[in-house]
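Remarks on the structure that follows.
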Amino acid sequence: MAKLNRSTHPAPTFPEKILQFGTGVLLRGLPDYLVHKANAQGKFEGSIVIVKSTDSKTDEFTDQGNLYTVAVRGVQQGQNVSETTVVSAVSRVLAAQTQWSQVLMLARNPKLQIIISNTTEVGLDYVEESIFQNPPQSFPAKLTSFLYERFRSVGGSKAKGLIVIPTELVTDNGLKLREAVEKLAQYNELGKLFTKWLKFHVRFCNSLVDRIVTRPTDEAQKSIEAEAGYEDELLTMTEPYHLWAIEGDDRVKQTLGFADGDTPQIIIDEDINFYRERKLRVLNGTHTLTMPLGYLLGLETVAEEMKHPTMSKFIESLMLDEIVPTVPDYGIPGMDKEAVKQFAHDVLDRFRNPYLDHLLLNISLQETAKMQARNVATLERYYEKFNAVPQRMALGFGAYLLFMKAVREKDGQFYGEIAIANDGKITYPIRDDKAGYFYGDWKTVKANAPATIQSFVKSVLSDVKLWQTDLSALPGFADQVTKNLTSLLTIGPEKTLEKAFS
């Protein structure tokens, strides 16, 4: 079977209008997909240059002429949806490690209008470094270097400013990225004129992306390729639901030609906080609080969690009874409590989508940072509203602590371990910047010594650096987390979960 390429699938070429930092499936399955759709309708007529920072290999894109397939599978409004699209919006992919000079050359392109990014939650953090490295290490430094080159090449032109849209799931992601860039400009002494151009002519937009996008299972890959008649190493699976909310003004609306009144999946508004809070707390917060327990049960995907009779009850109860009541609403149609409840039920349906191989280990990436960003405010709001311990959150938090228990370390990578049938064991990577922190603290814990468990839980919950607040001050929360963690250590995840719903 031939590989997907532009000979078998001719595609029009368009001017390069977008620079994108990140090659991941989320960007391929949402922003890039929407740009392709707009191009096909004659709305935007622009292409995307992608910068890959993780390594210098871009063969998976170049071998296919930068084409890839998005397979949409699922149920929407009671109707089965099956759509396969060859996305041709990407013009080329550059490796930051080996092609940084080519990335900087793109800054001189007069047609460039937009920069999109998707890194991890910690990817927007400020790192004090020179932007004149080849390349700079952190994403904010790479962006600052690029913007400075843009400023120099256009002579500070007002008309050649850019719109920057980070899609990382971080509160006020645009403002956070702007702050990091401004600090880097000051640290690198880039001058007042650049700072002024940055302030008035580079618009950083807070944004929110909402679509579950995954790599296909081997079975789904073979089935879709057989149906399409070609091989595709970049085949991307996604659900029908998709939303991209961007905080912007008329300038942003005018520049984003791929978004108009006929594209309800893209919302451009001066305030997108409702959409962000709804998704962050209900969908992402549920993922973060339930992933550890699901994985400790031996489950691999979100769909498997929803098929598990007790785990599915835990997920539904956590979402509907403890998270939904805490989500702020605007009290107007479409932004009220009913909209939050409807979104939650839609999310549960999305979790059940049998076509998506949404791996729990993928959700676990930077679990600690996600727990802080997604669930600490929810936990505090629950106490404000009910003045009681949220039982499901406490169980989820206990499972998170156990998931973070590394049994060994090798070359800076930490590994946890779970027991499976017939006295077997599975080792898993703990891909979290705080893995070393927990590795040290877990050494003080003994399952048969309750005082050590209690001390460990108290120490973690009271760490203000981790949570930006003292979670041990919440009445009864530390005791309940300790009780749950003790149960998980002594009788195991399955019995602990059953006990919670008995």
message: Being buried (at least 20 other Cβ atoms within 10 Å of the Cβ) and within 16 Å of residue 490 (Cα to Cα) is the filter here; which residues of the range 427-455 pass it?
response: 453
statement: Within the range 389-416, of all residues that are in contact with a helix residue (DSSP H, G or I) (Cβ under 8 Å, 6 or more places away or on another chain) and in a loop (DSSP other than H, G, I, E, B), the one farthest from residue 476 (Cα to Cα) is 406
query: Would you call residue 186 in contact with a Lys or Arg (Cβ under 8 Å, 6 or more places away or on another chain), more than 30 Å from residue 374 (Cα to Cα) and among the polar types (S, T, N, Q)?
result: no
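Which of the residues belonging to the range 446-463 are of a type in the set (Val, Ile, Thr) and either touching a residue at least 24 places away in the same chain (Cβ under 8 Å) or at positive phi (or both)? Write out each step before concluding.
Within the range 446-463, the first condition is being of a type in the set (Val, Ile, Thr), and the residues that meet it are 452-453, 457, 460.
Answer for the range 446-463, where residues must be of a type in the set (Val, Ile, Thr) and either touching a residue at least 24 places away in the same chain (Cβ under 8 Å) or at positive phi (or both): 453, 457, 460.
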task: Restrict the check to the range 368-375 and report whether at least one residue is surrounded by 19 or more Cβ atoms within 10 Å (Cβ to Cβ), small (Gly, Ala, Ser) and within 20 Å of residue 457 (Cβ to Cβ).
output: yes
field: Search result, residues across the range 309-336 that are free of Cβ contacts under 8 Å to residues at least 40 places away in the same chain and on the phi < 0 side of the Ramachandran plot
entry: 309, 312, 315, 316, 319, 320, 332, 333, 336
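FYI, it's all coordinate maths here, none of it is from the lab. Everything numeric here is computed off the predicted structure, so don't read it as measured data. Positions of Cβ are generated from backbone atoms using ideal geometry, with glycine treated the same way; all protein chains shown enter the neighbour counts.
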